[in-house]
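Only one structure is covered here, and it is reproduced in the block below.
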Amino acid sequence: MPGTSEERFTPALVETLREGYGLGNLRQDALAGMTVAIVALPLSMAIAIAAGGTPAMGLYTAIIGGFVISALGGSRYQIGGPAGAFIVLVAATIAQHGVGGMIVATMMAGVIMGAIGLLRLGSYIKFIPYPVTVGFSAGIAVIIFSSQIKDLLGLTLTEPEPAHILEKLPVLWESLPSANMVTIALAFTTVALIIGLKRFAPRLPNLLIAVVTTTVAAALLGLNTPTIESTFGAVPAGLPMPSLPHVDAALLIAVLPNAIAFALLGAIEALLSAVVADGMTGHRHNSNMELVAQGVANIAVGLFGGMVATGTIARTATNVRAGGHGPVAGMLHAVFILLFIVLAAPLVGFVPLASLAGVLAVVAWNMIERDAIVSLLRSSRADAAVLLVTLGLTVFRDLTEAIVVGVALGAVLFIHRMSKAAEVVEQRTLEPEDADDAPRPLDPEIVIYRIRGAFFFGATASVGAVLDRISDKYRGLLVDLSDVTLIDSTAAHLIEQLVHKAEKRGVDVMLTGTTHDLRVQLFAQGLKPPKVAYESSIPLGLSKMRHRLDQRQGAEAEQT
């Protein structure tokens, strides 16, 4: 049976209940769940609207996705729901394939994420360079903010708002004369309340208070500004019956790239959120179980007409700070949102779109990790390049392309750094056994080279160039690998080529300082005795090689 939590497919809920769960724990989770629900309620509607959906779509995602992710997930504190990072992808999918196509892509993404988890590939999703995550988060923030300019200013467009930012900005600029001062005032008030409450009353639910305050003000004063009900109609007072969307082979093929993008970003967001929760609490999440839960949640969300659900860092952190004990808090947060729309759905219709735009403007600002960007730009040119390329591609091209190119660029630059760290040096003296003695000169017929660092395909060119310059005057070559941290097949092949060339020149080759793992790889490349000799250290290798050379010299003398 697998032993570690990463290997077992056991939900965190089961592990939490096994530890013992009492009334005090339920009270903790209920309070945390209520706190998170208060934060999630306006955010879920705002994200769905910004993505080209309806407020109900965001609420369904928070309820169904949030409940399933907490019930089945591998993190004790993860809160699932619609995420701001998906606004761009969901909006593009709806524009290309309609709401039905987006729902199919969501369910396909669920299947992909579940498969990644079941194949135990969750740990590999974490291998995303930090500059890439910072870059695409900042890029998404720019796109989210640009998508809210229309509602922040109350603009009336003469044509449909373009999705691409370079096409969008000229259209918004031409529409500036139609700006609505009432809408601007509501949006500004929302932002000011959110920032002010966070600074002077951080324990209060600033998002909900800001939205409620501006909604009440707009209703009482009869302000002429678009609201949820005037734009989208009444919010349903409950969940719809689950149903399968229309699916055919052509649609599945058409939305597959969108589904892959959903799955990739959803997995990254969920595991990043789980890691944040781990750092805040000291508990360790199960990546594979978390991805399985994300997969099931997105299939379920699709049946109820929602959008992509994933782990959300801000709501997860809120859950931890509110004292949540375990996954029950996330499940109750979904229940509280459901109770709200059952009991108060008509009130949601009065919320001005400017208020929700103000919420998303603050969310976008908070998504930009300003200190991290400054640090990465100062740290190295390589990190700065990965950051800027990812940011630029996210804003001006495509999020999936940005992640793929960013990871690839980061990997290439890392390989370049690692190749520079590998070195090969000629050892000209032999260290004495007694520290008080002077170094001893080496045998003039034997040359010693020491390879240090990671000896892999990226370093073979530089190492090979040095080894190829070995003088013909030597009859013995000793290569020490005691400082090699790893070796791959390309490096092993280089050593095999070196041995082959040495054989033609009549030079004996010996490898010293090899570990068991290194010898396994070298043996697989054909570097076995007697083709090449092995010894544990340089002194023993020199002694053995001198003996072999003397034997060979004696045999050659007898023949002559």
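The values are calculated or read from the model by the stated rules, or taken from the named source; none is laboratory data. Keep in mind that what you see is a predicted model, and the values were worked out from it rather than measured. Note: ideal-geometry Cβ built from the backbone for every residue, glycine included; neighbour counts use all protein chains shown. Surface areas here come from the heavy atoms of the whole protein model, side chains and all, with no ligands, DNA or RNA. Shrake-Rupley method; radii C 1.70, N 1.55, O 1.52, S 1.80 Å.
Summary of values
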| quantity | calculated |
| --- | --- |
| Positions within segment 1-19 being open to solvent by less than 70 Å² (accessible area, probe 1.4 Å) and at pLDDT 90 or above, in sequence order | T10, P11, A12, L13, V14, E15, T16 |
| Test: residue in segment 531-539 that is at pLDDT 85 or above, assigned to a strand (DSSP E or B) and aromatic (F, W, Y) | yes |
| L498 open to solvent by less than 30 Å² (accessible area, probe 1.4 Å) and not in a helix (DSSP H, G or I) | no |
| Set M108, M102, M113: member being touching a helix residue (DSSP H, G or I) at 6+ places or on another chain (Cβ under 9 Å), open to solvent by 30 Å² or more (accessible area, probe 1.4 Å) and either acidic (D, E) or closer than 27 Å to D248 by Cβ (or both) | M108 |
| Within segment 358-368, considering residues that are among the small types (G, A, S) and open to solvent by less than 10 Å² (accessible area, probe 1.4 Å), the one nearest to T189 (Cα to Cα) | G358 |
| Filtered residues of segment 424-469 (kept if at pLDDT 85 or above, open to solvent by 70 Å² or more (accessible area, probe 1.4 Å) and closer than 17 Å to V479 by Cβ) | R452 |
| Filtered residues of segment 211-229 (kept if in contact (Cβ under 8 Å) with a residue 24 or more places away in the chain and in a helix (DSSP H, G or I)) | V211, T213, T214, T215, A217, A218, A219, I228, E229 |
| Answer from V359, V342, V407 - the residue that is over 30 Å from P129 (Cβ atoms) and in contact with a Pro (Cβ under 7 Å, 6 or more places away or on another chain) | V359 |
| Hey, A141 at pLDDT 90 or above and either among the small types (G, A, S) or open to solvent by less than 60 Å² (accessible area, probe 1.4 Å) (or both) or not | no |
| Members of segment 348-357 found to be of a type outside the set (G, A, S) and either under 15 Å from A185 (Cα atoms) or surrounded by fewer than 17 Cβ atoms within 10 Å (Cβ to Cβ) (or both), listed by number | F350, V351, P352, L353, L356 |
| Residue within segment 66-79 that is modelled with pLDDT under 90 and not polar (S, T, N, Q) present | no |
| Helices (runs of 4 or more DSSP H) wholly inside segment 266-355 that include at least 2 residues being modelled with pLDDT under 90 | 313-321, 327-348 |
| Segment 369-395: number of residues that are open to solvent by 40 Å² or more (accessible area, probe 1.4 Å) and not in a helix (DSSP H, G or I) | 1 |
| Scope segment 29-53; condition closer than 16 Å to T106 by Cα and either open to solvent by 10 Å² or more (accessible area, probe 1.4 Å) or within 24 Å of the chain's Cα centre (by Cα) (or both); matching residues | I47, A48, A51, G52 |
| Selection count, segment 445-460, where residues are of a type in the set (D, E, K, R) and closer than 12 Å to S482 by Cα | 2 |
| Residue that is nearest to the chain's Cα centre (by Cα), among those in segment 399-412 that are closer than 20 Å to V142 by Cα and in contact (Cβ under 8 Å) with a residue 12 or more places away in the chain | I403 |
| Close pairs (6 angstrom Cβ cut-off, 6 or more residues apart or separate chains): under 11 Å from V182 (Cα atoms) in segment 146-159, hydrophobic (A, V, I, L, M, F, W, C) and open to solvent by 40 Å² or more (accessible area, probe 1.4 Å) anywhere | L153/I184 |
| Per-region count, segment 7-54, residues outside any helix (DSSP H, G or I) and not β-branched (V, I, T) | 11 |
| Residues of segment 145-177 that turn out to be more than 16 Å from L356 (Cβ to Cβ) and open to solvent by less than 40 Å² (accessible area, probe 1.4 Å), as a count | 7 |
| The lone exception for G323 - which of (1) open to solvent by less than 10 Å² (accessible area, probe 1.4 Å); (2) of a type in the set (G, A, S); (3) within 26 Å of G24 (Cα to Cα) it fails | (1) |
| So S419, is it modelled with pLDDT of 90 or more, over 21 Å from the mean Cα position of the chain (by Cα) and open to solvent by less than 30 Å² (accessible area, probe 1.4 Å) | no |
| Every residue from segment 230-260 that is assigned to a helix (DSSP H, G or I) and either modelled with pLDDT of 90 or more or over 30 Å from P346 (Cβ atoms) (or both) | A249, A250, L251, L252, I253, A254, V255, L256, P257, N258, A259, I260 |
| Residues located in segment 74-90, provided they are closer than 14 Å to A263 by Cα and either touching a strand residue (DSSP E or B) at 6+ places or on another chain (Cβ under 9 Å) or not in a helix (DSSP H, G or I) (or both) | P82, A83, A85, F86 |
| Every residue from segment 372-404 that is aliphatic (A, V, I, L, M) and touching a Pro at 6+ places or on another chain (Cβ under 6 Å) | L376, V386, L387 |
